Amino acid sequence: MRRWRRFTPAQRIGRALTYVLAAVAVVWSLRTIEVIPEFLYDAPEQTADLFRRMWPIDWSFWGEMVAEALVETFHTATLGTIIALALSVPVALLAARNITPSATLNLVAKFILVSSRSVNSLIWALLFVAIFGPGALAGTLAIAFRSIGFVGKLLAEALEEMPRGPLEALAAAGAPRGAILLKGYWPQVEPSFWSVALFRWDINIRESAVLGLVGAGGIGVALDTALNNLYWDQVGLCLLVIFAVVVATEVATSAIRSRII
Amino acid sequence: MDRLVSAATARTPFPANWTARALWTALALYVLYACGILDVSWDRFVRGLDNGARFLGRMFPPDFSAQKLDLLKVGMLESMQIAVLSTAAGIVLSLPLGLLAARNLMPGWVSWTARGVIALCRSFHPVITAILFVKAVGFGALAGVLALVVASMGFISKLFAEAIEEMSLRQVEAVRATGAGFFNVLVMGVFPQVIARFIGFCVYQLDSNLRNSTMVGIVGGGGIGATLFTAYQRFDYDFVLTILLAIIAVIMVAEVVSAQLRKAFQ
């Protein structure tokens with residue numbers, strides 16, 4: 001008698017192997033990771049100390065540094081997103097197989113997108129601080145270079161999934177290549193383009209809030225100063241402000257999304 | 001008849017969209033304004049390019065000496081351990097948290113509390129959580145693991161709760177009708193419907209934790225980020241390039257593997 005089984009034998013072996021590998025990886029990590037037990041004994045005290053020293057929050061730090069840094073963070077994230085959008089369009093056009101029919105160019109563009117995504121924004125910021133010196137310029141470029149991969153990938157996917165009809169109609173009417181891009185492709189990808197932009201802007205606000213830790217401007221600089229001085233009441237204010245900004249952007253982006261998209 | 005044809009030909013196929021033009025102009029004005037605020041100027045950019053050429057000159061050729069490769073290996077392995085452990089712990093904690101946050105299984109006050117916890121986990125960047133954990137448990141990999149556990153809980157539980165809310169309740173009712181208790185309903189009615197998506201989220205989070213584990217080291221959370229930051233502060237730029245290349249390579253491999261895994265488990 002044959003029993004019904006959901007998966008083929010190969011699939012079943014593959015799944016079992018994956019589970020075993022996962023278990024092995026966890027056990028190996030647990031046994032070899034370096035944890036210094038001496039540090040752990042006073043962890044509860046340290047944590048209690050952390051919160052005790054954060055309270056009461058030092059509001060005078062707001063006027064001193066935080067307010068200005070907050071504005072800088074906002075502009076870093078926004079300008080970085082705009083630069084990323086501008087730069088990702090040509091890369092996405094090169095990466096989309098139906099627009100650029102050359103496998104080599106597709107591969108080059110894909111490589112640019114993957115490298116942009118695999119290097120973290122904080123690491124991009126380190127590099128740009130070394131080049132342009134500390135400040136918001138480094139942060140803006142870090143945000144931009146990190147976002148190219150994300151926006152470019154989603155844009156290229158949107159371009160590849162497009163229905164062919166309008167493009168063929170334009171081509172049949174004798175439209176040149178530029179006009180096909182502008183009047184055939186653009187109107188169809190425009191909604192997903194703006195929704196990706198909004199999504200990335202939301203992420204970038206969070207990320208630009210920490211870039212200051214490596215000297216790339218924004219509220220992170222205030223946080224870093226407070227941390228280095230061990231003024232935990234000022235750290236508390238920075239954390240509170242960052243939390244408020246993150247919540248506010250999330251509310252704002254979801255409101256914009258439900259209104260226009 | 002004549003007038004009708006001329007009217008038709010006179011109509012432009014793509015009339016000018018003045019709202020769009022105004023918005024594009026506003027965007028351009030904002031860019032100029034923001035450049036002014038952030039002190040982004042052409043002059044600085046050009047000076048930076050000069051600097052950048054020198055920087056790149058010092059990065060090349062990447063440093064592949066045996067001693068540096070050892071450091072690289074140790075850091076990279078620690079990053080992988082951080083990623084594996086934080087994902088494992090994150091999965092274990094997200095299962096109950098996600099269940100508690102599902103509004104179709106739990107009473108309102110439970111799910112709203114769970115949702116609050118999830119929102120709190122999601123609102124701070126892993127680097128900030130890492131700073132707090134470095135203060136609490138000291139420098140090293142453990143702080144990095146804990147920071148990424150928080151991030152994983154935020155991501156996996158949120159999506160897991162949404163997956164549960166989207167599942168069909170008929171199977172749950174059928175299992176309930178047999179007289180099954182709450183635990184049996186979960187195992188027989190709920191999990192079979194959502195487990196494939198849950199595994200997908202977990203694999204995605206493993207990938208994302210690997211990326212973030214390269215970053216928590218900058219604030220003292222261990223892993224390859226610590227190696228990178230030390231090399232950077234010592235102006236060992238050729239070793240920095242080696243580390244960057246290694247990170248890109250590892251993450252590319254991880255991306256391919258995780259895509260394959262997600263496809264296999266769908």
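Nothing in this text is a laboratory measurement; each read-out follows from the coordinates by a stated rule. What you see is a predicted model, and the numbers here were worked out from it, not measured in a lab. Heads up, the Cβs are rebuilt from the backbone with ideal geometry, glycines too, and the neighbour counts pull from every protein chain shown.
List of remarks:
- Working note: Karplus 6.51/-1.76/1.60 with θ = phi - 60° gives the range B:85-100 the couplings 5, 5, 5, 4, 5, x, 5, 4, 7, 6, 4, x, 5, x, 4, 5 Hz, where Gly and Pro are set to x.
- For the range B:208-222, 3J(HN,Hα) per residue [Karplus equation, 6.51 cos²θ - 1.76 cosθ + 1.60, θ = phi - 60°, Hz, x = Gly/Pro]: 5, 5, 4, 4, 6, 5, 6, 10, 5, x, 5, 9, x, x, x
- Rg and Dmax [Cα atoms of the range B:103-169; Å; Rg one decimal, Dmax integer]: 14.6, 47
- Estimated vicinal HN-Hα couplings, Hz - the range B:37-54 in sequence order (Karplus 6.51, -1.76, 1.60; Gly, Pro = x): 4, 8, 6, 8, 10, 4, 4, 5, 4, 5, 4, x, 4, 4, 4, x, 5, 5
- The GNM of chain A, with springs linking C-alpha atoms under 10 angstrom apart, assigns the highest mean-square fluctuation among A:TYR185, A:TYR19, A:TYR231 to A:TYR19.
- Seen against the Cα atoms of chain A and their longest principal axis, helix A:121-132 is set at about 80 degrees.
- 0 to 90° range, to nearest 10: angle between helix A:232-260 axis and chain A longest Cα axis: 20
- Descending Cα extents along the principal axes, chain B, whole Å: 88, 75, 35
- Along its principal axes, the protein assembly as shown has C-alpha extents of 91, 74, 51 angstrom, given from the largest down.
- Volume per residue of the convex hull around the Cα atoms, evaluated for chain A, comes out as 256 Å³.
- Calculated FRET value between B:ASN51 and B:TRP109, using beta carbons and R₀ = 45 Å, to 0.05: 0.20
- Calculation over all alpha carbon pairs of the range B:17-59 in 10 angstrom steps from 0 returns a P(r) of 25, 28, 24, 16, 6, 0 percent.
- Reciprocal of mean inverse Cα separation for the range B:63-117 (Kirkwood radius, Å): 14.0
- At the listed q of 0.17, 0.21, 0.23, 0.31 Å⁻¹, the Debye profile of the range A:114-163, built from one uniform point per Cα, gives log10 I(q)/I(0) equal to -0.52, -0.67, -0.74, -1.04.
- Debye-formula intensities of the range B:1-140, expressed as log10 I(q)/I(0) at q = 0.09, 0.18, 0.21 Å⁻¹, are -0.78, -1.11, -1.24 (one equal scatterer per alpha-carbon, no solvent).
- Restricting the chymotrypsin sites (Phe, Trp or Tyr not before Pro) of the range B:32-70 to loop positions (DSSP other than H, G, I, E, B) with no more than 12 neighbouring Cβ atoms within 10 Å leaves B:PHE64.
- Against chain A, whose longest principal axis is taken from its Cα atoms, helix A:136-160 shows a tilt of about 30°.
- Relative contact order of chain B, taken over Cα pairs closer than 8 Å and 6 or more residues apart, is 25 percent.
- The range A:1-72: trypsin sites (Lys or Arg not before Pro) in DSSP coil with no more than 16 other Cβ atoms inside 10 Å: A:ARG2, A:ARG3, A:ARG5, A:ARG6
- The lysines within cross-link reach of A:LYS183, meaning a Cα-to-Cα straight distance under 24 Å and a gap of 8 or more places when in the same chain, are A:LYS153.
- Kirkwood Rh (inverse of mean 1/r, distinct Cα pairs), the range B:151-225, angstrom: 14.4
- Using every pair of separate Cα atoms, the Kirkwood estimate puts the hydrodynamic radius of the range A:139-261 at 17.2 angstrom.
- Loop-resident sites, the range B:7-114, for trypsin sites (Lys or Arg not before Pro), counting at most 12 other Cβ within 10 Å (DSSP): B:ARG11
- Alpha-carbon spread of the range A:61-200, three principal axes, descending order, Å: 64, 30, 20
- Using the Stokes-Einstein relation with a Kirkwood hydrodynamic radius computed over Cα pairs, the translational diffusion coefficient of the range B:64-176 at 10 °C and a viscosity of 1.306 mPa s comes to 100 µm²/s.
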